[in-house]
Structure formats: C-alpha cells, structure tokens
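Data first, discussion second: the structure below is written as structure tokens.
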Amino acid sequence: MKFKILCILLVFTGISYSSNICLIPQPKELKILKGNFTLTNKTSINISTISLTNEAKLLKKLLQPATGFDFTVLKANESSKIYLKLAKPSESFAHEAYKLDVRTKEIEITAADSSGFFNAFQTLLQLLPSEIYGNKVVKSKVWRIRNIQIEDKPTYSWRGAMLDVSRQFYDINYLKKYINWMAVHKLNVFHLHLTDDEGWRIEIKAYPKLTKVGAWRGPNEALQPAHGSGNKRYGGFYTQSELKELVQYAAERNIQILPEIDVPGHSKSVAVSYPEILCDGNDTTKSVQGVSNNVWCAGKDYNFEMLDTIIGEVATIFPMKYIHIGGDEVNFKAWEHCSFCKKRMDENHYTKPTELQNYFISKIEKIVEKHGKLMMGWNEILENSTLDKKTAVMVWTSSDEVEASVQKHHPVIISPASYFYLDMTQGIGERGHNWASIIPLERLYSFKLPTDSLANRFVLGIQGNLWSEYLDKPAYQTEYQLYPRLCALSELAWSGNKSTFSDFEERLNKSHYDRLFSMGIHFRVPPPEVKIVSGKMQYFKTLTNSKIVFTNDSTIPTKNSSILLNDENVKSIASNPNNILLRTCFKDSLLSPTVSIVNDTVGFWDPELLRKSPTKIISLAIHPEMISDSLSNLLIIKYMYGSAEISIKKIDIFRDDSLIYEKGYDKPFLLFSHQPQIELSLPEKCFSKTGNYRIDVESIGKNEVDSYGVILVKNSNF
Ligand code: TNX
C-alpha cells in the first residue's frame, strides 16, 4: 500500500523517475521525460535511407519473439513508429555511439553505423519489460517504455570476455548463447582460448592430428582424463566452417572473435599429437598447472614452419586484426637439456633462457604479421624489448604491468587476475580458484580504471577472463561464474567509473536479474543480508521477484523451505538462532549460496583505510548500533577479498579511548584469502551497549595492500 501511494505521489509531482530506469551498462547521458510510448501490433519500423534496411530487419527480429507483433517495415504508421535515422557526417557520431529518443508516438534512433544502431537496440530492449528477452510470445503484456532521451557512446573500444574452451569443451550452440549474452551487455570482443594443455579445439587442415588426437581426453586417449571428466572419453573441436559461421554470427551482434593459439607453453595437446615439437632432451619439469612436456622447442626451425602454417590457417578464419599467441607461464627449464635450444642460444650469444623466449615470441610476431595480422600476447611477452610497437599486450598478472605496457607504448587490454578473472570464487566457501583473490561482484566493480594521458592513449579496453579448469559440474557453473560479474565488467568497459556500486547493485536488483532470468542464464543469486536487530530478523537489500527461505535446524534451505518475513521475532522461529540458515530464492527457481546469522558485522577495513594509514596501525571503527545488539565475547577478523596478505603483530581494542583488550603475536599472524580469519575470545562483557569502540591492528610489511575485510562478533544475544 505504501508503495502504491509513493508511486501516485511521484506521478503527480513529476519527480525524477530515474530509479525506475535500470540500464546496464549505464548510458553516458540520460534524461527521463513525462509520458510513455507503447509498442503495439500497429507499430511500424521506418528508415531514413534504404541502406538501413538490414538494421530495420534486425530490430524486427529482436522485438518479434516475445511481442508476437508484425512491425511493418518502411510503411509509416503515424500513430506509432520506430524511426531509424542515419546520422549526417556533420553530426560527428563516434563509432558505436547512438541517440535514442522515446516520445509518446515515436521512438527515434540515430547512429552513424550499424554498431551504433545495434547498441541502441540493446538499450531499447532493456527499456522494455524483461519478458522481451524470452523466446515465446507473452500475451496480454503491455510493452510500455518510459519517454526518455539517451545519448550514449562507449568508454573503451575493447570490451572483452574470454572463454577457455580447451579445459572444457563448449559446443557451438553454447558459444552462440555466450555471444547473445555478451551482446546484451554491449561487450564486443569474444576471446576464444582455443588451445591449451587439455585440448586443441580448432581444425587445422595441414595438421589433422591436432584435433584427431589433441582434442580428446580419456582412458584410451593420448591426453589423460583431467578435471572431472571421469573415465569417459571427453572433448571435441570446431571445424573451420563452424568457426567461420560463428564469426559471422558474432559480427551480426557487433562482436569480433579474437582467436588464441597459446605458445610456446600450455601445449601438451600439440605435443601428444606431434611429439616432434618437443625438445630432444629429457624434460621432467612441470608447468604451473602440473603438466609436463608441454613446451614447444625453440631450437627446431621446423617448429616455426609448422606454426607458420597453423597461424596462416587461423588468419583465414578470423577477420579480426589481432591474433593472440599466448606466451604465458612458460617453464624455461624445458629448454635446458636440448641440443637444438643450446645451439640456438650459442648462435645468438644468448646467456639466459628468457632470451630464448624472446626469440620465440619475435619469430611468432613475424609470422603473425606475414599473415596480415597484429600480434597480441599475455604480459610475459613484454620481456621482449624488440617487439613491434603495434603488438598488443593483455595484462593479467598485475595492474603494474598496465603501466609498464603503456610506458613502452604498446596497446593494452586490462585484465588483472585479482579483479577480472571470473574463475576466481565469488565468496568464501564457494566454488572456484582463489589464488589471485576472492572476487565478489563489488570487488570487480571497484576496479579503478587508469585516467592518465598515456593510459588514455594506449589502453584499448578491459576484459573478463573465464578459465574453465573447475567448471565441469554442475553444467550451469559456467554461467554462475560469469553472471552477474560480467554485467559489472560491461559497465566499467562501457561507462567507465561513472556510477557507485550501490547504484549499480540497485539497477541489478530491481531489473537486470529479471532480464538475465528471461534469457535463461543460471546466474549467481546474491545471498540474503539478514541481521538480528532488537530480537527481530531484519533483511536488507532485497531483490525483486525473490524471497528469503530458511531452515531452523541447520539443514540447507530449498525452494520449499519456510519463507522469512521481515521483522519476524527470532524466538518465534528458532529455539537456537545459530541453527538458522538462509538463502535467497529467485522466481521460485534459482537459489543463492547459504548464509547464517551466527555472526554480526561490527566493523570493516578497506584498501583506502590501509593506504591512508600513516603508521603501521590500522584503526577499524566498530559500528556502535551493531554492538548494542550483539554482546558477544567472540570476535572474528575476517579477510574477505584482495590479492595481498597482511601480517598482523598486535590487536588492541578500545572503548572510549581506553584499552580494554590486547593481543600480541610472537610470530606475525598472516591474514589473506587462504587463511581468511583470526578468532579472538574476549573477556566476558568486554562489549557493552554503551561506548564507542575501536580496534587498532598493527601490521608489518607493506601498507600498500589491496584487501578488504570485516570484523564480526558471534551473535549470542538470544
Ligand atoms: C593462469 S592467465 C593461466 C591459466 C589458468 C588460470 C587459472 C594465464 C595467462 N594463464 O592457464 O587457467 O591462471 O586461474
């Protein structure tokens, strides 16, 4: 009822409605007007010039499945039309930019090229009810759009997403779905990691064994089963004609496909198919991932002929100007016992194996350029100071490498593992890697894009990478890792650091999850945030179309578990609140990770706090209102996410500036994502309802740490 009154008030007062327009990525300029446009069976699509016929057809194709409307093209219907207008050169529209004007009787879309129109169509779809993304006609739906003016263009020209199709094989239909989802988010580069130790996924006509042998794992295959494929034959590859069709499919959605052939490391799948590519010595070394015999010999001329042929075939399939050649994580030891490599080193007066890697990369660079392309590689290639300035660098190890690349005037894609690796886990206890950091949505969104003039010149854009070692089961795990984090990445790539996380999160919660759901994406539903306040269960930040389900006996809640009501008395639902477990249930279908209310947040630290601290003492405030409800004697300091470790020497707790508790460590206590918490048992009644609390943590080592954590107390106030 309250909500209804508020809406009526808003209508009559003409107050901004911006909070109801929830677009992701957020457009550059947006003005909400009074009134609405309604899409009906009579709406026509008109064009300013015949050259926009394909755009009109595309729009019709996007709007038809859910509306079921016919949308006559060309013949104007004066009462309701969508007008596509080609911008005049004098209007100087940037590539991919568009203008979208929604008025009561007409929608006018202006752009200078098909990519601009495509982006405008994506915004238009988001302005419609989320059911527009479904593939079945939704009868009796009113397809209403709020009148609005949008002027929009991207921050970066490279807005990428990578999928590792080597460790897991994804069929072409899945790749098409992946492309569709990218398009909705205005992402425009699909990086296919086509080769790695666990599988070669691209047909190469001159070397058929690459896919006959190198694309399969299993008990009777050359590649051993790995990562959950069990004892069955597992694998697959894409034919060249399938890939050409995929390139076309992506191009129709304003997406280019970047192929990656990873050399000289990560090449076990080649080595099992053509063992002659390996060195002649006895190589017992292992890669970071524990794989042996996976490095191309740098001394055999024949290897470069083979790579010339492979790159030549790759170049004919993918029209994109770049070919990614990997270059990451090479174990140089592989070359140590090889007579060919020794000879190559002697001939060139090399003394270090890195010089051999540089030699290899330079040879590949020439090959790539010979086939009319530019080379891109992971940031390890930066070791090579003789690289062509046009060669681009994809930075993954740390943000410092971004600086190094721009200093050397190489085009750069920013993709640091500790922010943009989507195989990292999203929360403590969830599936995924954590070697670079735990990466909740908020951390990804908090990435600060560089703004200096050199970066503006050389940074092409940003990219999210999904490595697939641990995505085998369940089948939806890939989508779970991707969404909603790819939504956050798309916003950084398109809109820059324009909005705050809470604003982004609100748009996600209010509308965007609905869209993802309509598209059939099995995204990660955020867990509920429930706290006990004055003996009542209170929840915060709810999403639309969801409920909170709970159990009171420590069993994992399901869709059918009891629904939590806001303000419910704790005592009425559980004799022991520590046994309450909660999950968000979205549209009676998707469930979030499980959380409990055992601990209450009473304070936090964040990277800014650490960076700003002039001394080694970090002061962490405790929220007083939280303390009043949680009179516990167990304090937990928890490292939530970040890529650095903190070594703690001493912890002091103060009430109103007087010391009430102290704890020193003989050996500094390490806190980081592998060792995420310290528990402190405090004296009884250490915390009381009154007073201002503060915790000082004395750390040693670098203060420039990148980390975020919380202070919790065990909830015992029942
Ligand atoms: C590092 S990033 C890799 C991949 C792994 C990934 C796992 C990069 C260039 N190499 O081979 O899959 O870590 O997170």
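All of the numbers you see were taken from the coordinates with simple rules; none came from a lab. Computed from a predicted structure; not experimentally measured. All Cβ positions, even for glycine, are placed from backbone atoms using ideal geometry, and neighbour counts span all protein chains on display.
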Assuming a ≥ b ≥ c are the square roots of the Cα gyration tensor eigenvalues, decide whether segment 524-564 counts as rounded (a/c under 1.5), prolate (otherwise, with a/b larger than b/c) or oblate.
oblate
Return the sequence-ordered ³J(HN,Hα) values of segment 299-308 in whole Hz as given by the Karplus equation 6.51 cos²θ - 1.76 cosθ + 1.60 applied to θ = phi - 60°, using x for Gly and Pro.
x, 8, 4, 4, 4, 6, 5, 4, 5, 4
Suppose we take every Cα in segment 288-366 and form the convex hull; what volume per residue is that in Å³?
107 Å³
Could you tell me, in Å, what Rg and Dmax come out for the Cα atoms of the chain?
28.1, 84
In nm, spacing of pseudo-spin labels at GLN224 and LYS663 (7 Å Cα→C-beta vector):
4.3 nm
Paramagnetic label zone (point 7 Å from Cα along Cα-to-C-beta, GLU245; backbone N under 19 Å) in segment 176-197
176-181
Hey, any idea what Rg/Rh is for segment 530-591, computing Rh the Kirkwood way over Cα pairs?
0.95
Please list 294-307, 537-550 highest first by mean number of surrounding beta-carbon atoms within 10 Å per residue.
294-307, 537-550
Regarding segment 29-152, what is the average projected area of its C-alpha convex hull, in nm²?
7.1 nm²
Debye intensity ratio in log₁₀ form over the Cα atoms of segment 158-516, taken at each q of 0.09, 0.11, 0.12 Å⁻¹
-0.48, -0.73, -0.88
According to a simple spin-label model (label point 7 Å from Cα along Cα-to-Cβ), what is the distance in nm between ALA206 and LEU374?
2.5 nm
In segment 365-423, the trypsin sites (Lys or Arg not before Pro) that sit in a DSSP loop and have at most 15 other Cβ atoms within 10 Å of their own Cβ are LYS389, LYS390, LYS408
Please list, in order along segment 93-109, the HN-Hα scalar couplings obtained from phi with the Karplus expression 6.51 cos²θ - 1.76 cosθ + 1.60 (θ = phi - 60°), rounded to whole Hz, x for Gly and Pro.
7, 6, 4, 6, 7, 7, 10, 10, 10, 9, 10, 4, 10, 8, 10, 10, 10
So what's the Cα pair-distance distribution over segment 262-328, bin width 10 Å, in %?
19, 50, 25, 5
Apply the Karplus curve 6.51 cos²θ - 1.76 cosθ + 1.60, θ = phi - 60°, to the phi angles in segment 675-684 and return the couplings in whole Hz, x for Gly and Pro.
10, x, 8, 10, 10, 10, 8, 8, x, 3
Residues with amide H under 5 Å from that of ARG159, placed H, sequence gap 5 or more:
ASN188, VAL189
Using DSSP to define loop residues, name the trypsin sites (Lys or Arg not before Pro) in segment 208-299 whose beta-carbon has at most 14 other beta-carbon atoms within 10 Å.
LYS232, ARG233
In this structure, the FRET efficiency calculated for LYS61 and LYS685 from their beta-carbon separation, with R0 = 56 Å, to the nearest 0.05, is 0.25
Across bins of 10 angstrom width beginning at 0, how are the C-alpha pair distances of segment 317-474 distributed, in whole percent?
10, 32, 32, 21, 5, 0
In percent, what relative contact order does the chain have, based on Cα pairs under 8 Å that are 6 or more apart in sequence?
10 percent
Would you grab the residues whose amide H sits under 5 Å from the one on LEU33? Only those 5+ places off in sequence or on another chain, please, with H modelled 1.01 Å from N.
ASN147, ILE148, GLN149
Can you tell me the Rg and Dmax of segment 106-154, counting just the alpha carbons, in angstroms?
12.4, 36
Counting only helical runs of four or more DSSP H residues, what would the 222 nm mean residue ellipticity of the chain come to if each run contributes -39,500 (n - 2.57) and the total is spread over all its residues?
-7500 deg cm²/dmol
Run the paramagnetic zone check for GLU151: 7 angstrom along Cα to Cβ, then residues of segment 483-514 with backbone nitrogen under 20 Å.
494-499
Under the rule of at least 5 residues apart or a separate chain, name every residue whose amide H is placed under 5 Å from the amide H of MET640.
TYR708, GLY709, VAL710
Would you mind putting 693-699, 419-425, 464-470, 557-563 in packing order, based on average other-beta-carbon counts within 10 Å, highest first?
419-425, 464-470, 693-699, 557-563
Efficiency of FRET from Cβ geometry, LYS286 and SER339, R₀ 25 Å, rounded to 0.05:
0.70
Peptides 669-675, 199-205 ordered by average Cβ neighbours within 10 Å, highest first
199-205, 669-675
Roughly how many debye, to the nearest 20, is the charge dipole of the chain about its Cα centre, given +1 on each Lys and Arg Cβ, -1 on each Asp and Glu Cβ, and no other charges?
2440 debye
The correct pair for segment 205-352, radius of gyration to one decimal and Dmax as a whole number, both in Å and from Cα atoms, is 17.0, 51
Rounded to whole angstrom, the alpha-carbon centroid of segment 427-453 lies from that of segment 192-264 at a distance of 28 Å
I'd like the projected area of segment 141-259, averaged over all directions, using the convex hull of its alpha carbons. Report it in nm² with one decimal.
10.8 nm²
Using DSSP to define loop residues, name the GluC sites (Glu not before Pro) in segment 54-112 whose beta-carbon has at most 13 other beta-carbon atoms within 10 Å.
GLU78
Compute log10 of I(q)/I(0) for segment 413-496 with the Debye formula, placing one identical point scatterer on every Cα and leaving out solvent, at q = 0.16, 0.21 Å⁻¹, to two decimals.
-0.59, -0.93
